[in-house]
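J.: Sending over a structure as structure tokens; questions will come in a sec.
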Amino acid sequence: MDKNTFESVVINEYKQIPLWVKKRLVNVALLIEDVVSADTRRSEKLAPNETLLGLYHGIPRNARGEGYGIGDVLPDTITLYREPIAREARRRAVLENKPFPDALHEMVKETLWHEIGHSLGLTERAIRVREKKESNVFKLSPQARTP
């Protein structure tokens, strides 16, 4: 999977995120890395056979104080890891008998949603529950949509 193709998939999936979600991604940068670095593997306490598809690093929106973002605050980051996502998409394509491009788009979308969930303050458990129910989509009650 070449970098340009992967980047195009990420851009396409990011464009599909509803505007009300994007408005909540204040001071968050989206990054693409080829693989998980040794430093990240250590900091995330990954076993040798474990990897990450994505990683949110920062202060979740629901934990930010009133003064957050005033002055020189580096952005939080959502990192998507190209090679692990592509490997998982290949595996899914074979297991589910679907075209690789479709599986890749799904993996990018799911990973992006997962990390955005963390940036908005959802715990790993809360995100996993939504994933298990296959309700990992961007939904919000009408009352919560108002600024």
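J.: Provide the per-residue ³J(HN,Hα) series for the range 33-38, in order, calculated from phi with Karplus coefficients 6.51, -1.76, 1.60 and θ = phi - 60°, each as a whole number of Hz, with x at glycine and proline positions.
T.: Each residue's phi maps through the Karplus curve to give 10, 5, 9, 6, 6, 4 Hz.
J.: How far apart, in nm, are two points set 7 Å out from the Cα along the Cα-to-Cβ line at D2 and at K15?
T.: Taking the two extended label points, one gets 1.9 nm.
J.: Another question about this same structure. Could you list, in their original order, any pairs among K23/K109; K23/K98; K109/K132; K22/K132; K22/K45 whose Cα atoms are separated by more than 26 Å?
T.: Going by Cα-Cα distance, K23/K98; K22/K45 fall outside the 26 Å limit.
J.: Taking θ = phi - 60°, what integer Hz values does the Karplus form 6.51 cos²θ - 1.76 cosθ + 1.60 yield along the range 81-98, in sequence order, with x for Gly and Pro?
T.: 9, 4, 5, x, 5, 5, 4, 5, 5, 4, 4, 5, 4, 5, 5, 9, 6, 10
J.: Another one. Restrict the search to the range 24-126; then list the trypsin sites (Lys or Arg not before Pro) that DSSP places in a loop and that have at most 11 other Cβ atoms within 10 Å of their Cβ.
T.: K45
J.: I would also like to ask the following. Please turn the phi angles of the range 50-64 into ³J(HN,Hα) values with the Karplus equation 6.51 cos²θ - 1.76 cosθ + 1.60 (θ = phi - 60°), one per residue in order, whole Hz, x for glycine and proline.
T.: Values per residue, Gly and Pro as x: 9, 8, 10, 8, x, 8, 9, 10, x, 10, x, 3, 6, 10, 7 Hz.
J.: With Cβ to Cβ distances under 13 Å as the rule, what net charge do the other residues near N12 carry (K, R +1; D, E -1)?
T.: -2
J.: Answer rounded, prolate or oblate for the range 1-85, using the Cα gyration tensor with square roots of eigenvalues a ≥ b ≥ c: rounded when a/c is under 1.5, else prolate when a/b is larger than b/c, else oblate. Could the numbers behind the result be given before it?
T.: Numbers: a/c = 2.40, a/b = 1.28, b/c = 1.87.
Oblate.
J.: To the nearest 0.05, how large is the calculated FRET efficiency for D72 and N97 if R₀ is 35 Å and r is the Cβ-Cβ distance?
T.: Result of the calculation: an efficiency of 0.10.
J.: Here is a further query. With every atom except the alpha carbons ignored, what do you get for Rg and Dmax of the chain, in angstroms?
T.: Calculated on Cα positions, Rg and Dmax stand at 15.9, 50 Å.
Values quoted throughout were computed directly from the atomic coordinates according to the rules given, and no laboratory measurement underlies them. Just so it is clear, the structure is predicted and the values come from calculations on it, not from any experiment. Here Cβ is always computed from backbone atoms with ideal geometry, including for glycine, and neighbour counts include all displayed protein chains.
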